[in-house]
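Okay, structure first, notes after.
Coordinate-derived values only; no laboratory data. Small disclaimer: the values here were computed from a predicted structure and weren't measured. When we count neighbours, we look across all protein chains shown, and the Cβ atoms used for this are built from the backbone with ideal geometry, even at glycine.
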Amino acid sequence: MSNEVNAVIIMFGGSGDLAHRKLYPALFGLYRKGVLKDHFAVIGTARRPWSDDYYRGVVRDSVAGSEEEHEAEAEAFASHFYYQSHDVTDSSHYVTLKQLAQKLDDQYAVGGNRMYYMAMAPQFFATIATHLKSEALLTKTGFNRLIIEKPFGHDYPSAKELNDALTGTFAEEQIYRIDHYLGKEMAQAILALRFGNPLLKTVWNKDYIKDIQITLAEAVGVEERAGYYETAGALRDMVQNHVMQLLAYLTMDEPTAMTSEAVHEVKSRAFDQLHRYTEEEAAANFIRAQYTAAAIDGQAIKGYREEDGVASASLTDTFVAGRIMTDAPAFAGVPIFIRTGKRLTRKSTQVTVTFKGGKTPFGEGQDAHLTIYIEPSQGYTLELNGKQLGEGNILTPNRLDFRHDPAAIAAAPEAYERLIGEALAGDQTNFNHWRELAQTWHYVDVITAAWQKQTGIETYPAGTMGPQAAFDLLAKDGHQWYWQPTRVRMAD
Ligand code: NAD
């Protein structure tokens, strides 16, 4: 059976970095699989005055490969691309865009399906949505879907305002809010592990779990994005979305089916059950910090405040660590420790669930650890107590280690390809529902408010795993970070 989808895809921000690095390769991946085939066209819009030919060159360049066959495919793929110079604030440009979309719809016998992709600065999202309605771009036949990038607001009120603007044009079922972490193989695998194994289901609760730890560590600094980052910080850039989504996957109830409705229902319940801190509690349970200059491998690394575009007295968080509690009956009392930051020791996204050790006939049993490696390594390890080789009954941790084969990982679709493919197929499972965004912003806004009352910020030297306070946060209750890259354990 053919899985081909007919569509005219309108890309706002067609000359941008995201489009070039991620979106065109993702569309090309779908083209190679036949999801996009004969009946599709892409209109790239941006301010620059490009010709179709120039634009096709840009698209070919972004999907460039080595083999000749690939080149011919890329050529054929790029021939479906059209460019329109477009100022998103100018109504007359939407009229031209509508005419071009209709022409391509006829030319490629698309049948009215439209996908609008907002891949540009977020301050334009609402403007575009409003114009799509006022200039009547949405078709009467076929689907009309909107894919929208993050950030979705910078707090609850701004997110609500944006959502109100979008829902003036699109219904919730037509809005696909991207959180590319949800497209990652091993993020999706959390659900397979949790709900595909009765063995794990039995112990996935407060009786057996001591803590849950989520780490999203970046080795890079703020790079070219200081302008945006200064207004965001790690809490808004990483915690409100990616960390929270992983947390929901780890703590939500079992969905009745792997359908969008069922998954969003349990996810939203998990967010509802998060224990809401007062500002005082938030200040005690969340630590913000900034990296300072250090030498890494003999190379001088700037501190955050010395980076171009960063205010010299900036209080923007480049690191967050926190202790999150949930009132969900299955997890009451189980701390969920999270941390994310820039300029940490090593890039890695990983989750560890610590299962309680305790008294055994062999003496005290160590805690058992299940670690899920989301990126760059993909797989999981389970550290259990085994018997030390040789005489005597001595317990020792043994580690079972599964990693996906790097060649298989390379051949698997990237997050963006998966997610765009799912949006084309009308599957919202791995996209953010407005309800979840509202819940996570409410949670995060209390922390922001608590921090706004603080006049200082913790610091950590670039290349470390954050400030001492991030270790003390766990230690005070008898916990510790499982992943400490400077402490040699077994290969991560
Ligand atoms: P970018 O600055 O590289 O591109 C912005 C695009 O918008 C360009 O094509 C530009 O021509 C166009 N544009 C700007 N003002 C315009 C106007 N008035 N009228 C018409 N076009 C206009 O940005 P980017 O890095 O590609 O990011 C795009 C979106 O994706 C942002 O929301 C960003 O937060 C999000 N995002 C980007 C990345 C990434 O890796 N780049 C990752 C995650 C999310």
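In this structure, E306 and H442 have a Cβ-Cβ separation that, at R0 = 22 Å, corresponds to a calculated FRET efficiency of about 0.05. Give me the percent relative contact order of segment 109-155, please, defined on Cα pairs under 8 angstrom at least 6 residues apart. Averaging sequence separation for qualifying contacts and normalising by length gives 59 percent for segment 109-155.
Residues whose amide H comes within less than 5 Å of that of G357, counting only those at least five positions distant or on another chain, are D367, A368 (H built at 1.01 Å from N in the peptide plane). Taking label positions 7 Å along the Cα-Cβ direction at both Q102 and E391, the computed distance is 9.1 nm, reported to one decimal. Close amide H partners of E375, meaning residues 5 or more places away or on another chain with modelled amide H under 5 Å apart, are T349. The residues packed around K37, meaning those with a beta-carbon under 12 Å from its beta-carbon, carry a net charge of -1 if Lys and Arg are +1 and Asp and Glu are -1. Between the amide H of F143 and those of N113, R114, distances stay under 5 Å, these residues lying 5 or more places away or on another chain, with hydrogens modeled in the peptide plane. Put the Cα centre of segment 72-88 next to the Cα centre of segment 401-479 and the gap is 34 Å.
Starting from the Cα of K206, draw a straight line to each of the lysines and keep only those under 16 Å, dropping any in the same chain fewer than 8 residues away. Output for K206: K356. Beta-bridge orientation, the chain: approximately 60 percent antiparallel, per DSSP, counting only bridges with both partners inside. Among F195, F402, sorting on how many other beta-carbon atoms sit within 10 Å of each Cβ, with the fewest leading, yields F402, F195. Within the shell of other residues whose beta carbon sits under 11 angstrom from the beta carbon of K302, the net charge comes to -1, with Lys and Arg scored +1 and Asp and Glu -1.
Taking a sphere under 10 Å around the Cβ of S15 and counting the other residues whose Cβ falls inside, with K and R at +1 and D and E at -1, yields a net charge of +1.
Extension gain, R47 to Y208, is 52.3 nm, computed as 0.36 nm per intervening residue step minus the present C-alpha separation. Charges were assigned to the Cβ only: +1 to each Lys and Arg, -1 to each Asp and Glu. The resulting dipole of the chain about its Cα centre is roughly 760 debye.
Taking other Cβ atoms within 10 Å as a rough exposure proxy, V263, V353 sort from fewest to most as V263, V353.
Going by the alpha-carbon gyration tensor, a ≥ b ≥ c the square roots of its eigenvalues, is the chain rounded (a/c under 1.5) or, if a/c is not under 1.5, prolate (a/b greater than b/c) versus oblate? The shape class here is prolate.
For R339, R403, the sequence from fewest to most other C-beta atoms within 10 Å is R403, R339.
Relative contact order for the chain: what is it in percent, counting Cα pairs under 8 Å that are at least 6 residues apart? Answer for the chain is 17 percent. Projected label points at R21 and T259, each 7 Å from Cα along the beta carbon direction, are separated by 3.8 nanometres.
When peptides 303-313, 235-245 are sorted by average Cβ neighbour count within 10 Å, with the highest value leading, the order is 235-245, 303-313.
Its relative contact order, with pairs defined as Cα atoms under 8 Å and 6+ residues apart, puts segment 7-149 at 32 percent.
Within the straight-line cut-off of under 30 Å between alpha carbons, the lysines reachable from K302 are K22, K150, K342, K347, K453, sequence neighbours fewer than 8 places apart in one chain being disregarded.
When each of the peptides 23-36, 162-175, 75-88 is scored by the mean number of other C-beta atoms lying within 10 Å of its residues, the order from highest to lowest reads 23-36, 75-88, 162-175.
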